[in-house]
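Remarks on the structure that follows.
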Amino acid sequence: MDYKKISQTFWDQGYIIFEKFFSDELMDEYNNKILKHYGLNQNWEHTNEFISKSAVEVIPWFPYRESDGGFDGIDRHPEFNEITDAILKEGWENLYCMMMFSKAGSKGQAWHQDCPPDDPKKYNLNRLVYTHDITDETGGEIVIMPEAHKAGILPVGNPHDEIEGQLVFQPKKGTVVFLHGHCFHRVKPVKSDRVSSNFRAVPKGTPEDITDICVYRNMKYKFSTSEVIEERV
Ligand SMILES: O=C(O)CCC(=O)C(=O)O
Ligand SMILES: [Fe+2]
């Protein structure tokens, strides 16, 4: 792998995608494990106000916090972490591993930045891993605004409206998307049950609560207190 080129591409675009990076066998095993978890516990974890305002309908699960992990085939994968080394040159640490489940017929996720872009040096790195194919049939495409990690704050507007220049991706099983937390992104409406996973990393020294406040086009939302902390109009 040309790590220098990978890093350059990431920092130019705000994201970089590796198709079918992980094996089908590993992805099938993990997808089943994730579905089994949600089969046992399919409760909405967010408040109704959050769901209706933000147009996000996702049930998160933190397997390394809530149970004994079990996804080291990704978390400890040498090349996966070497790419991370190349992108976050000054050193990094794991933030958390989050599984996300969206029911068939749910809205997906509105445009957002995972954390406020006030300080360009304070951000999270998403390492999104798709354990099943995203297709026309499943919906739930990820939409990314290239180079938006350099664009400051997400413009005010309708939560799901298209933005000129956006790119729509249908990651297949085993694909990894490295995505800067300040880069605008969203998830299109979900037609069949959708699973995605995020092995979030941060540059060394980044506060642990970096993703507590999420920026949407109509508000800033604080997860720890379930509050809209700013209406954006
Ligand atoms: O599920 C996805 O494809 C994207 C999720 C997302 O926005 C995130 O993990 O920050
Ligand atoms: Fe996100």
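The values are calculated or read from the model by the stated rules, or taken from the named source; none is laboratory data. Predicted, not measured: the structure shown is a model, and the values here were computed from it. So basically every Cβ, Gly included, is an ideal-geometry build from the backbone, and we count neighbours across all protein chains shown.
Determine whether His160 is at pLDDT below 95, within 15 Å of ligand 2 (Cβ to nearest atom) and of a type outside the set (Ser, Thr, Tyr). Against the criterion (at pLDDT below 95, within 15 Å of ligand 2 (Cβ to nearest atom) and of a type outside the set (Ser, Thr, Tyr)), His160 qualifies.
For region 192-232, the set of residues classified as away from ligand 2 (no atom under 14 Å from the Cβ), surrounded by 16 or more Cβ atoms within 10 Å (Cβ to Cβ) and assigned to a loop (DSSP other than H, G, I, E, B) consists of Asp193, Thr206, Asn218, listed by residue number.
With the structure loaded, tell me whether Gly152 is small (Gly, Ala, Ser), farther than 30 Å from Asn32 by Cα and away from ligand 2 (no atom under 14 Å from the Cβ) or whether it fails that test. So Gly152 fits the description; yes.
Considered as a group, the residues in region 163-188 that are more than 14 Å from the chain's Cα centre (by Cα) and in a strand (DSSP E or B) include one that is surrounded by the most Cβ atoms within 10 Å (Cβ to Cβ), and that residue is Leu167. Taken together, the residues in region 214-233 that are small (Gly, Ala, Ser) and without any contact (Cβ under 8 Å) to a residue 24 or more places away in the chain amount to 1. A single member of His160, His149 is surrounded by 17 or more Cβ atoms within 10 Å (Cβ to Cβ), more than 20 Å from Asn198 (Cβ to Cβ) and in contact with a Phe, Trp or Tyr (Cβ under 8 Å, 6 or more places away or on another chain), and it is His160. Taking every residue in region 158-178 that is closer than 21 Å to Ile134 by Cα and pairing it with any residue that is in a loop (DSSP other than H, G, I, E, B) and among the polar types (S, T, N, Q), at least 6 positions away or on another chain, the pairs with Cβ-Cβ distances below 7 Å are Gln170/Thr135; Lys173/Thr131; Gly174/Ser23.
Take the conditions (1) over 17 Å from Val195 (Cα atoms); (2) at pLDDT 95 or above; (3) not in a loop (DSSP other than H, G, I, E, B); Ile51 misses just one of them, which is (2).
Scanning region 181-193 turns up at least one residue that is in contact (Cβ under 8 Å) with a residue 60 or more places away in the chain, more than 11 Å from ligand 1 (Cβ to nearest atom) and farther than 20 Å from Glu137 by Cβ.
None of Ser67, Ser102 is among the small types (Gly, Ala, Ser), within 13 Å of ligand 1 (Cβ to nearest atom), within 23 Å of Asp212 (Cβ to Cβ) and modelled with pLDDT under 95 except Ser102.
Answer yes or no as to whether Ile134 is near ligand 1 (Cβ under 10 Å from one of its atoms), at pLDDT 95 or above and assigned to a loop (DSSP other than H, G, I, E, B). Spelling it out, Ile134 is indeed near ligand 1 (Cβ under 10 Å from one of its atoms), at pLDDT 95 or above and assigned to a loop (DSSP other than H, G, I, E, B).
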